[in-house]
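Heads up: the structure comes next, in structure tokens.
Bear in mind these aren't lab numbers, they're just calculated from the coordinates by the rules spelled out. Bear in mind that the values here come from a model prediction, so they are computed numbers and not experimental data. Positions of Cβ are backbone-derived with ideal geometry, glycine not excepted, and every protein chain shown enters the neighbour counts.
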Amino acid sequence: MKRLPVVIAAAVLVAGAGGVTAVAMSGSERNAEVVPEPPGGTAPVRRGDLVQQEQVGGTLGYAGTHDVTSAGGGVFTALPAPGAVVRHGGQVYAVDDDPVPLWRGDKPLWRRLESGVDKGSDVTLVEQNLKDLGLFTGTPDDRFDWTTATALREWQRESGLERTGALDVGDVVVLPGDIRVTEVSAVLGAAAGGPVLRASGTGRVVTVAMPVTKQTIARPGAEVDVQLPGRESTRATVTSVGTVARTRDDGPAVIDVVVTLVDPAAAGELDGAPVTVRFTTERREGVLTVPVNALLARPGGYGVEVVRPGGVDLVAVELGLFGGGRVEVTGVPEGSEVRVAGS
């Protein structure tokens with residue numbers, strides 16, 4: 001039986017566009033023809049999970065955008081370079097040769113903290129940061145007491161600062177996490193105050209302009225595969241799916257879908273690079289599959305050549321899901337060897 005690769009390829013394209021229609025051959029045709037074994041290779045009929053994926057282009061970047069400002073007073077004596085990564089406790093910039101470090105928190109400091117201040121969440125933030133730096137031994141709470149002041153003095157001593165036991169608004173930069181500097185607007189020697197720099201987070205993300213007609217394939221929390229330029233694919237997780245569509249001059253309306261790399265190091269120093277994101281559209285577990293190039297197109301359906309001693313049996317099959325170069329089939333026993341084209 002002659003293989004028809006063009007017809008088979010068409011079947012694969014139909015599958016990628018939105019599913020496969022199962023085509024069955026009549027029972028009277030099954031095993032009806034026995035032909036001599038042709039030259040070539042074979043592949044087993046395997047049972048396992050089959051995943052169908054759809055590929056959508058995206059852009060690799062860094063997560064988040066942060067604008068860092070100075071509370072004012074003094075002169076800038078040190079500034080980071082674009083691309084610099086600053087981690088918890090590290091210096092963001094310096095004023096009058098005093099380092100201004102990065103602390104973690106979800107809101108900035110808004111008042112001077114010292115003995116006698118009222119309770120507040122800013123006190124908890126300071127104590128938690130000091131604890132994370134190994135300088136506060138108690139349980140962080142919202143009361144500024146002697147233990148808070150003692151830990152602050154120790155931090156000031158280690159940082160080469162005046163040991164006041166108090167903290168002013170401009171003494172630290174408070175952001176949700178580590179940062180990567182993207183742009184510096186302040187100037188060395190200029191009076192401190194106002195915008196200093198813009199930064200991103202250090203997490204690696206891919207932003208996908210997803211056509212609204214395909215938005216259902218992106219589900220928050222779902223795992224996806226990201227093909228990086230010149231590298232192997234890496235796993236990622238869908239972290240946000242936009243709800244507001246925007247129009248483009250060169251195509252359909254889209255929403256922004258953000259996926260976060262599970263292993264940020266997999267992307268190296270790439271930034272702004274085009275990538276391919278593979279979204280799972282359907283999954284079938286424990287099904288029998290054969291390579292797509294084992295299929296034979298016949299009038300009324302498809303079949304495969306099952307190898308037996310001395311020849312092959314031409315067996316009709318019903319097709320199911322396509323994915324990863326294989327196709328779900330029914331009508332052939334597990335473990336059988338089938339002839340594949342191009343071997």
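Taking other C-beta atoms within 10 Å as the exposure proxy, Asp106, Asp168, Asp313 rank Asp106, Asp168, Asp313 from fewest upward.
All other residues with a Cβ under 10 Å from the Cβ of Thr281 taken together, and with Lys, Arg as +1 and Asp, Glu as -1, what is their net charge? Write out the running numbers ahead of the final one.
Numbers: positive: Lys214, Arg278, Arg283; negative: Glu54, Glu282.
So the surrounding residues net to +1.
Which percentage, to the nearest 5, of the DSSP beta bridges contained in the chain is antiparallel? The antiparallel proportion sits near 95 percent.
Relative protection proxy for 243-254, 139-150, 291-302, from highest mean packing down: 291-302, 139-150, 243-254 (other beta-carbon atoms within 10 angstrom). Axis of helix 146-159 versus longest Cα principal axis of the chain: the two differ by about 80°, to the nearest ten degrees.
Computed about the Cα centre, the dipole magnitude for the chain is approximately 1040 debye when only Lys and Arg (+1) and Asp and Glu (-1) carry charge, each at its Cβ. Between helix 121-132 and the chain there is an angle of about 70 degrees, using the helix long axis and the longest principal axis of the Cα atoms.
Given the choices [x] 64, 20, 17; [y] 53, 20, 15; [z] 29, 24, 21, semi-axes √(5λ) of the Cα gyration tensor in Å derived from the coordinates of this structure is entry [x]. Under the simplified labelling scheme, the Ala222-Trp146 pair shows an inter-label distance of 6.0 nm, with each label point 7 Å from Cα along Cα→Cβ. Between 0 and 90 degrees, rounded to the nearest ten: what's the tilt of helix 5-18 against the longest Cα principal axis of the chain? Between helix and principal axis, roughly 40 degrees. Packing-based ranking of 154-162, 90-98 yields 90-98, 154-162, ordered from highest to lowest mean Cβ neighbour count within 10 Å.
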